[in-house]
1. For segment A:40-60, give me each residue that is in contact (Cβ under 8 Å) with a residue 40 or more places away in the chain, surrounded by fewer than 22 Cβ atoms within 10 Å (Cβ to Cβ) and of a type outside the set (A, V, I, L, M, F, W, C).
2. Do we have B:Ile334 as within 9 Å of ligand 2 (Cβ to nearest atom) and either under 22 Å from B:Arg399 (Cα atoms) or in contact with a helix residue (DSSP H, G or I) (Cβ under 6 Å, 6 or more places away or on another chain) (or both) here?
3. What's the number of the only condition in (1) more than 23 Å from A:Leu235 (Cα to Cα); (2) touching a helix residue (DSSP H, G or I) at 6+ places or on another chain (Cβ under 8 Å); (3) touching a residue at least 40 places away in the same chain (Cβ under 8 Å) that A:Lys160 fails to meet?
4. Any chance you could count how many residues in segment A:177-221 are part of a loop (DSSP other than H, G, I, E, B), within 13 Å of chain B (Cβ to nearest Cβ) and either crowded, with 21+ Cβ neighbours inside 10 Å or of a type in the set (D, E, K, R) (or both)?
5. When you scan segment B:85-166 for helices (runs of 4 or more DSSP H) that lie fully inside it, which ones turn up with 1 or more residues that are more than 24 Å from B:Trp218 (Cβ to Cβ)?
6. Tell me, please, whether a residue that is in contact with a Cys (Cβ under 7 Å, 6 or more places away or on another chain), without any contact (Cβ under 8 Å) to a residue 12 or more places away in the chain and farther than 29 Å from A:Glu211 by Cα can be found in segment B:408-421.
7. I need the full set of residues from segment B:373-421 which are in a loop (DSSP other than H, G, I, E, B) and more than 21 Å from the chain's Cα centre (by Cα), in order please.
8. Can you name the residue in segment B:306-326 that is more than 11 Å from ligand 2 (Cβ to nearest atom) and open to solvent by 10 Å² or more (accessible area, probe 1.4 Å) and, of all such residues, is farthest from B:Leu242 (Cα to Cα)?
Amino acid sequence: MNVPTLKELSQNGLDPEILFWVGCAGSFDERAKKITKSFVKLLNKANISFGVLGIEESCTGDPAKRAGNEFLYQMQAVSNIETLNSYNFKKIVTTCPHCFNTIKNEYPSLGGNYDVIHHTQLLDDLIKNGKIKVQNESFKGKKITFHDPCYLGRANKEFKAPRNLIDSVKADLKEMKSCKEKGLCCGAGGAQMFKDAEKGNEEINIKRTKEAIDTNAKIIAAGCPFCNTMLSDGLKNQKAEQKVKVLDIAEIVEQASID
Amino acid sequence: MSIFSSVFFGFIFISAISFFVFNCKKILRNINIGRGINRSDNKKQRFFNMLRLAFGQSKMLDKPFVGFLHLVVYVAFVLINIELIEIVIDGFLNKHRVLAPYLGGFYNFLTAFFEILALLVIISVVVFWVRRNILKIKRFISNDLKGWPKTDANYILYIELVLMLLFLNMNATDLYLQSSSYSDYYQSYGYFPVSQFLSPIYSSFSDLTVLYVERISWWSHIIGILFFLNYLYYSKHLHILLAFPNTYFSNLESIGKMDNLSSVYNEVKTMLDPNNDPYAVSNSNLPIEKFGASDVFDLNWFQLLNAYTCTECGRCSSECPANQTGKILSPRTIIMKTRDRLEEVGKNIDKNGKFIDDGKKLLDDYISKEELWACTTCNACVESCPIGIDPLSIIVDMRRYMVMEQSSAPTELNNMMNNIENNGAPWPFNQLDRLNWKN
Ligand code: SF4
Ligand code: SF4
């Protein structure tokens, strides 16, 4: 796997096309690291010139901001923007919708103006222009349901790219009861990921997982490392982890891709 | 007699309008308690949004059946009120159907059109009542509607029903009187496709009785309308007016974008500035702005306008993941409590001339921390509101207060924030291990 850092690239006088913002989950969470790798493999296959910030990357501040700690968020944002502004690249791509939303929508007024896309958008483009080719066998006719991440779908109105990708591997997309603009949250956003839920009669991730199971899909496609965790936990709770798997769209595309 | 009637009408009409204006001013004053926020940009797009959402009710049609009925009631109500022009002129001049001679055949069309609208309103209102009281649709029976909100919702339906019935009865008796001994006053004007079926009810009554019934209906109808106008202020029905400014001023940016607090930005800039002398005396004389919101004073005027505009329809709460899974958070309640507190503050100002501390706050006294911490910031509430209300922004502003002013976040969140502060990730991993995934 070839993963250059921006620092290395710039020392060699190179500017990558794309800066891959890995995100904290993608860097540290065991499950999410696999997604990161799948995505990088795809970037390598498609011969994309990209780089990561590596140890120069730091939390975007999203969980702090949404927990109400605007101060900590802005400290993170301002120093990230300083790092980002010291390099040249054309686009930022991220596998996390929270990083995507924050850098795209909230960094500009702090001085960080970038062209930011979500990895499903990039992959959709790469498949469309033939840079990534997929075979039909692995997922053909398989029932897959897609869980819209709140910060990709509702917040940024990207519903198509991930669905195009599911279509491109010839899978049978089964929509859940609530999807797209009305997609039910997995329960992780707004810093809920890091705390226990308030008292209620059900956990949000379980409710969402049940909706996914109800579609009879064998795969729940996710586009966010946090949704991935929440839904995987939901499947365990429902004792369905043998029958149903949660895969990131990048993993699906990677499994179907040909060299 | 005729002078007395005109004077009486004038008195009622002018008092009703004055009281309405008086309350409108109060609403305006209360909304202006809020902090400033600039919503004067993109006038064209704002205007278009208002047409689409408030006038065209485009989001209401997400639920096609009720959306359609709501549209019927709304359009009918607006159009029927055109009839008020004539009623008011009649009232002042003590005349009857004063405009009829000038409009000729068009007058017949109008009367017929209004009657059909009235019938449609009656049908819709009955359906709404059944949905609320017999079918008990979930979003109409939840706890946050107990008490006044539930009563209010039904009162609105009853008032609309009674007004429409009075309107039709007024026409039915009018039609009767047009061929009675009073026909020189009740001249043969108008075409009444609905009330012509009611008119026969009066065939066994004396002309005088019907005359009384007609007059009573006429007066009750106009007094009812003026009453309804003044009822708005005390009711969720205020949305029929405020939906317009609310959609006009609503957020035009991506709903994922949360504002970057400028007061914080200034501090962050200074802290990160390498030339900054941490021991220097602050050279700004500006008072340090409070971070976040603990009371209505700390919210912006648009959020306060939201509070007055909310229709209490509960679309937001029925889409809310926290609410759907039994947490006490309900975005509708957040908005309703904000209005309750704002009203309380308004009354305090009415009484004392200015706000005198009453020892209460929006936070804790109206909205609990438990509610605020249950939100996933998923934006489902914002997306589902048909008139551009943003409950999430209030939740986040109150979280900001709890975290930055009170340091009262749940321990787990404090741990998460400490991690971000110390090692740049919400978990306790070493920043230097960030690239280890590639091995
Ligand atoms: S943003 Fe918060 S209040 Fe609104 S629907 Fe989502 S969880 Fe509920
Ligand atoms: S905030 Fe909007 S969706 Fe929620 S109850 Fe009020 S009007 Fe309905």
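1. Answer for segment A:40-60, where residues must be in contact (Cβ under 8 Å) with a residue 40 or more places away in the chain, surrounded by fewer than 22 Cβ atoms within 10 Å (Cβ to Cβ) and of a type outside the set (A, V, I, L, M, F, W, C): A:Lys41, A:Asn44, A:Lys45, A:Asn47, A:Gly54, A:Glu56.
2. Details: within 9 Å of ligand 2 (Cβ to nearest atom): yes; either under 22 Å from B:Arg399 (Cα atoms) or in contact with a helix residue (DSSP H, G or I) (Cβ under 6 Å, 6 or more places away or on another chain) (or both): yes.
Yes.
3. (3)
4. 16
5. In segment B:85-166, the matching helices (runs of 4 or more DSSP H) lie at B:105-133, B:138-141.
6. Yes, that holds for at least one residue.
7. B:Ala374, B:Cys375, B:Thr376, B:Thr377, B:Cys378, B:Gln406, B:Ser407, B:Ser408, B:Ala409, B:Pro410
8. In this case the residue turns out to be B:Gly326.
The values are calculated or read from the model by the stated rules, or taken from the named source; none is laboratory data. The shown structure was predicted, so the numbers you read here are calculated from the model rather than taken from an experiment. Cβ: placed from backbone, ideal geometry, glycine included. Neighbour counts: every protein chain shown. Heavy atoms of the whole protein, side chains included, go into the accessibility calculation; ligands, DNA and RNA do not. Shrake-Rupley method; radii C 1.70, N 1.55, O 1.52, S 1.80 Å.
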